[in-house]
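**Student:** Would you mind keeping the following structure in view while I ask a few things?
The values are calculated or read from the model by the stated rules, or taken from the named source; none is laboratory data. In this text the structure is predicted, and so the values were computed from the model without any measurement. Cβ: placed from backbone, ideal geometry, glycine included. Neighbour counts: every protein chain shown.
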Amino acid sequence: MTVRLYDSLQQAVVDLETRVDGHVGMYVCGPTVQSAPHIGHLRSALAYDLWRRWLTARGYTVTFIRNVTDIDDKILAAETPDEPWYAVAYRVELDFTAGYRALGILPPTYEPRATASIEQMHAIIAELIERGHAYPADDASGDVYFDVRSWPRYGELTRQSPDDMEDAGDAPPRAKRDPRDFALWKGAKPDEPSSAHWNSPWGRGRPGWHIECSAMAARYLGEAFDIHGGGLDLRFPHHENELAQSSAAGHGFARHWVHNGLVTVGGQKMSKSLGNSVFAADLLATHRPAVVRYWLGSAHYRSTIDYTPTSLDEAREALGRIESFRARARKRLDTPATTEAASIDDRVPAGFAAALDDDLAVPHALAVLHETVRAGNSALDAGDDAAVEAALTAVEAMVDVLGLDDAAEHPDAAASARRALAHLVERMLAERRAARESRDFATADRIRDDFAAAGIVLEDTPTATDWSIDG
């Protein structure tokens with residue numbers, strides 16, 4: 001089946017069309033590293049990680065670029081006497097990387113920083129000036145602006161007319177021909193650190209936000225590529241301006257535009273003024289990374305998801321059911337299931353593949369996963385080992401596609417801890433069995449209560465007692 005996606009430019013679900021058969025070039029707007037990542041940042045990164053994993057499973061070779069905006073007004077504003085802007089940017093970048101790694105988000109093919117592509121930005125700006133779509137300000141500021149009125153297609157991504165748009169707000173109106181014109185290059189200002197300025201044909205200064213992504217996308221994917229992604233809040237003005245300046249410079253730019261939905265908190269948008277931001281580090285400190293990954297990925301990537309203090313409870317229970325079946329089935333079969341097969345269609349149920357082919361419908365794919373878990377548990381209870389093995393193989397393949405096993409503690413530390421815990425649990429289970437056989441139910445109940453207090457769930461079957469850790 002053909003992979004289909006919702007294209008924000010066409011405003012329709014369409015077939016994925018790539019410029020090179022079997023290859024996908026994808027550019028995703030990464031973080032502006034001025035402050036710690038919140039759960040909205042994690043949600044966006046996870047959405048495109050899932051896209052990347054499914055496209056790879058479908059046989060595509062994916063070149064995945066996620067940039068770091070490391071020079072920006074907000075980053076300069078975050079500078080302190082003890083921490084220069086570039087140190088702020090690097091420290092925060094590491095925070096983002098830690099959050100991505102905890103959730104099992106695959107590292108990009110390349111992760112360029114904006115400050116490393118200044119020359120490429122100059123080249124696009126010069127081309128726009130030559131083509132009549134940009135102009136240096138006549139106030140000796142060193143600013144250069146994109147001329148919105150010179151590009152008839154401006155507003156095509158968000159279906160807006162320039163007459164309905166607000167002032168770009170990045171310079172005094174007198175410096176622009178039109179209030180909606182936006183900065184491509186910002187001349188140096190006396191109150192800014194000299195380390196934040198670069199030489200250019202128009203004087204020392206720094207890039208505007210939008211030109212950074214146009215330059216990095218072209219540098220690492222070429223002037224035309226397949227998918228441009230980012231959060232829904234970036235459609236305007238950021239992506240609108242990217243599309244306009246790249247197209248006006250003669251670039252084919254992105255064939256498809258994909259946008260993920262946002263995360264709200266108690267029905268409200270996260271914002272500093274409301275003080276309701278939920279930071280990635282805090283969420284990951286109180287919940288298993290696999291549970292966070294499951295929750296963030298369980299809604300359709302284009303929908304808005306709302307966070308409340310109990311939001312992850314259902315995700316923890318759902319993931320626990322999957323993990324419990326896998327543990328029981330592996331113990332019964334005494335061997336891990338293999339996920340190796342000729343194609344993804346041989347590895348996962350047809351309904352799972354069809355769901356992800358249809359604009360990455362993860363909620364429907366998870367429904368198939370849980371149906372398979374239920375069937376596998378029924379097969380375990382019935383003693384049908386062949387059906388258990390078939391269900392486990394399918395479940396392992398689906399979990400692999402969704403990356404749920406990648407969101408975990410360090411594998412070596414986790415394995416060592418698991419072995420130590422298993423030794424203690426098995427010894428206590430043996431004591432509980434002995435107590436029950438001697439009809440010492442008080443001791444048996446006490447041991448079960450000790451397990452429950454430690455977050456270990458026991459499940460008695462006719463032939464054994466299985467245990468799992470409550471997520």
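**Student:** With the condition kept exactly as written, say whether any residue in segment 63-73 is assigned by TED's automatic domain parsing to the domain that holds Lys189, surrounded by fewer than 18 Cβ atoms within 10 Å (Cβ to Cβ) and of a type in the set (A, V, I, L, M).
**Tutor:** Here is the first cut: in segment 63-73, the residues assigned by TED's automatic domain parsing to the domain that holds Lys189 are 63-73.
Okay, now just the ones that are also surrounded by fewer than 18 Cβ atoms within 10 Å (Cβ to Cβ), so 73.
If we keep only those that are of a type in the set (A, V, I, L, M) too, we end up with none.
The answer is no, given that none of the residues of segment 63-73 is assigned by TED's automatic domain parsing to the domain that holds Lys189, surrounded by fewer than 18 Cβ atoms within 10 Å (Cβ to Cβ) and of a type in the set (A, V, I, L, M).
**Student:** Please tell me if Gly155 is at pLDDT 90 or above, of a type outside the set (Val, Ile, Thr) and within 18 Å of Ile129 (Cα to Cα).
**Tutor:** Considered against the rule, which asks whether it is at pLDDT 90 or above, of a type outside the set (Val, Ile, Thr) and within 18 Å of Ile129 (Cα to Cα), Gly155 comes out as no.
**Student:** Could you please find all residues in segment 138-152 being at pLDDT below 95 and among the hydrophobic types (A, V, I, L, M, F, W, C)?
**Tutor:** Within segment 138-152, just Ala140 meets the criteria.
**Student:** Further question: Hey, could you check segment 284-314 for residues that are of a type in the set (A, V, I, L, M, F, W, C) and in contact (Cβ under 8 Å) with a residue 60 or more places away in the chain and say which is farthest from Asp358 (Cα to Cα)?
**Tutor:** By that ranking, first place goes to Leu284.
**Student:** Another question, if that's okay. Quick one: how many residues across segment 1-35 are within 24 Å of Ala215 (Cα to Cα), among the small types (Gly, Ala, Ser) and assigned to a strand (DSSP E or B)?
**Tutor:** Selection size over segment 1-35: 1.
**Student:** If a residue counts only when it is within 23 Å of Leu221 (Cβ to Cβ) and in contact with a helix residue (DSSP H, G or I) (Cβ under 6 Å, 6 or more places away or on another chain), which helices (runs of 4 or more DSSP H) contained entirely in segment 69-178 have at least 1 such residues?
**Tutor:** Of the helices (runs of 4 or more DSSP H) lying wholly inside segment 69-178, those with at least 1 residues that are within 23 Å of Leu221 (Cβ to Cβ) and in contact with a helix residue (DSSP H, G or I) (Cβ under 6 Å, 6 or more places away or on another chain) span 85-102, 118-131.
**Student:** If a residue must be touching a helix residue (DSSP H, G or I) at 6+ places or on another chain (Cβ under 8 Å) and not hydroxyl-bearing (Ser, Thr, Tyr), how many such residues does segment 237-273 contain?
**Tutor:** Initially, segment 237-273 is screened for residues touching a helix residue (DSSP H, G or I) at 6+ places or on another chain (Cβ under 8 Å), giving 237-238, 241-242, 244-246, 248-251, 253-254, 257-263, 270.
Narrowing the set further to residues that are not hydroxyl-bearing (Ser, Thr, Tyr) leaves 237-238, 241-242, 244-245, 248-251, 253-254, 257-263, 270.
So the count comes out to 20.
**Student:** Then there is this: Would you check which residues across segment 179-199 are in contact with a Phe, Trp or Tyr (Cβ under 8 Å, 6 or more places away or on another chain), more than 17 Å from Ser246 (Cβ to Cβ) and in a loop (DSSP other than H, G, I, E, B) and list them? Break it down stepwise before answering.
**Tutor:** Step one: list which residues in segment 179-199 are in contact with a Phe, Trp or Tyr (Cβ under 8 Å, 6 or more places away or on another chain), which gives 181-185, 187, 193, 195-196.
Checking the rest, the ones that are also more than 17 Å from Ser246 (Cβ to Cβ) come to 187, 193, 195-196.
Once the filter is applied, which keeps residues that are in contact with a Phe, Trp or Tyr (Cβ under 8 Å, 6 or more places away or on another chain), more than 17 Å from Ser246 (Cβ to Cβ) and in a loop (DSSP other than H, G, I, E, B), segment 179-199 yields only Pro193.
**Student:** If you don't mind, there's one more thing I want to ask. Glu371 fails exactly one of the following numbered conditions: (1) modelled with pLDDT of 95 or more; (2) under 17 Å from Ala315 (Cα atoms); (3) surrounded by 17 or more Cβ atoms within 10 Å (Cβ to Cβ). What is the number of that condition?
**Tutor:** Condition (3) is where Glu371 drops out.
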